[in-house]
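S.K.: Quick one: this structure, given as structure tokens, is what I'll be asking you about.
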Amino acid sequence: MSYTLYWATSSGAFVVEAVLELAGVPFDKVLVDLDNDEHTKDEFKGINPMKQVPALKLPDGTIMTESAAICLYLAETHPESKLFPLSGVARAKATRVLFYLASNVYETILRLSYPGRYTASSDASDVKAVQTGAAARLVDLMSVTEGFVVGPYLLGKELSFLDIYLFMLLGWYPKPEETLAKFPKQKVLFETVGKIPLIVKLKETYKM
Ligand SMILES: N[C@@H](CCC(=O)N[C@@H](CS)C(=O)NCC(=O)O)C(=O)O
């Protein structure tokens, strides 16, 4: 049995698929149609009770969810891919950035996509206020992220999966090019990662 990636267009499966490819791991894909609410059906809830993609079924049948945890697991089990520092202070620093991106940036972007989940009010102006607040918060977060980028990649000269993770998140920002103009290190990273042939291909597949 090989790996099975549950994915959807414009989703966090983007970075997981990139890591699978870069690690040279064979995998199958199952498309979960978010527009047709396939993720809310009982069959998918059994895979991810959060009703979200990505999810990855491992060769032994274990289901993994949470994009950051999946990428970390793949990097650890395929150390030859050198997609994440696996020891010492370098690992500690990289893990800090990974948790920061997953728990702050990704989570805030979800407020843009699903604002109704973040307010008890059904008043359209309250729902809109969630998005406005999230957009402002994202700019603050981006300035923190800028301080993490060593350059040209997040951790320095070598590409890690953190760069692809950040690339994906930046692509989901409202008006990314405009916002990136204020953050030169992330602009370089975004442009550099966006030219990697695998990323060009995945952008097409994921309509991103
Ligand atoms: N914390 C999760 C977030 C996953 C997530 O929010 N996925 C979105 C697509 S990017 C999704 O499945 N949305 C459908 C929904 O929440 O209804 C992760 O990092 O994997």
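The values are calculated or read from the model by the stated rules, or taken from the named source; none is laboratory data. Just so you know, these numbers come straight off a predicted model, no measurement behind them. As a convention, Cβ positions derive from the backbone with ideal geometry for all residues, glycine included, and neighbour counts pool all protein chains shown. The accessibility values were calculated without ligands, DNA or RNA, using every heavy atom of the protein model including side chains. Shrake-Rupley method; radii C 1.70, N 1.55, O 1.52, S 1.80 Å.
S.K.: Could you check SER103 against (1) away from the ligand (no atom under 16 Å from the Cβ); (2) closer than 26 Å to LYS185 by Cβ; (3) loosely packed, with under 13 Cβ neighbours inside 10 Å and say which number it fails?
M.R.: Against the list (1) away from the ligand (no atom under 16 Å from the Cβ); (2) closer than 26 Å to LYS185 by Cβ; (3) loosely packed, with under 13 Cβ neighbours inside 10 Å, SER103 comes up short only on (1).
S.K.: Checking the structure you have, find out if any residue of the range 68-75 is surrounded by fewer than 19 Cβ atoms within 10 Å (Cβ to Cβ), among the aromatic types (Phe, Trp, Tyr), out of contact with any His (no Cβ under 9 Å at 6 or more places or on another chain) and outside the structural domain of ILE164 (by TED's automatic domain parsing).
M.R.: Step one: filter the range 68-75 for residues surrounded by fewer than 19 Cβ atoms within 10 Å (Cβ to Cβ), giving 69, 73.
Next, from what is left, pick out any that are among the aromatic types (Phe, Trp, Tyr): 73.
Going one step further and asking which of them are out of contact with any His (no Cβ under 9 Å at 6 or more places or on another chain), we end up with 73.
Keeping just the survivors that are outside the structural domain of ILE164 (by TED's automatic domain parsing) gives 73.
Yes, some residue in the range 68-75 is surrounded by fewer than 19 Cβ atoms within 10 Å (Cβ to Cβ), among the aromatic types (Phe, Trp, Tyr), out of contact with any His (no Cβ under 9 Å at 6 or more places or on another chain) and outside the structural domain of ILE164 (by TED's automatic domain parsing).
S.K.: So, in the range 89-100, how many residues would count as being within 13 Å of the ligand (Cβ to nearest atom) and in contact with a helix residue (DSSP H, G or I) (Cβ under 6 Å, 6 or more places away or on another chain)?
M.R.: 1
S.K.: Restricting attention to the range 48-67, which residues are open to solvent by 50 Å² or more (accessible area, probe 1.4 Å), over 19 Å from the mean Cα position of the chain (by Cα) and in contact (Cβ under 8 Å) with a residue 40 or more places away in the chain?
M.R.: PRO59, ASP60
S.K.: Just the residues that are touching a strand residue (DSSP E or B) at 6+ places or on another chain (Cβ under 8 Å) and open to solvent by 60 Å² or more (accessible area, probe 1.4 Å), please, taken from the range 121-176.
M.R.: Within the range 121-176, just VAL150 meets the criteria.
S.K.: Select from the range 17-35 the residues that are near the ligand (Cβ under 10 Å from one of its atoms) and crowded, with 22+ Cβ neighbours inside 10 Å and list them in ascending order.
M.R.: VAL32
S.K.: Now a separate question. Give just the number: which of (1) near the ligand (Cβ under 10 Å from one of its atoms); (2) surrounded by fewer than 18 Cβ atoms within 10 Å (Cβ to Cβ) does LYS45 not satisfy?
M.R.: (1)
S.K.: Considering the range 1-16 alone, what residues qualify as being open to solvent by 10 Å² or more (accessible area, probe 1.4 Å) and more than 8 Å from the ligand (Cβ to nearest atom)?
M.R.: In the first step, residues of the range 1-16 are kept if they are open to solvent by 10 Å² or more (accessible area, probe 1.4 Å); the result is 1-4, 6-7, 9-10.
Hits for the range 1-16 are MET1, SER2, TYR3, THR4, TYR6, TRP7, THR9.
S.K.: LEU180 is checked against (1) in contact (Cβ under 8 Å) with a residue 24 or more places away in the chain; (2) open to solvent by less than 30 Å² (accessible area, probe 1.4 Å) and fails just one. What number does that condition carry?
M.R.: All conditions pass for LEU180, except number (1).
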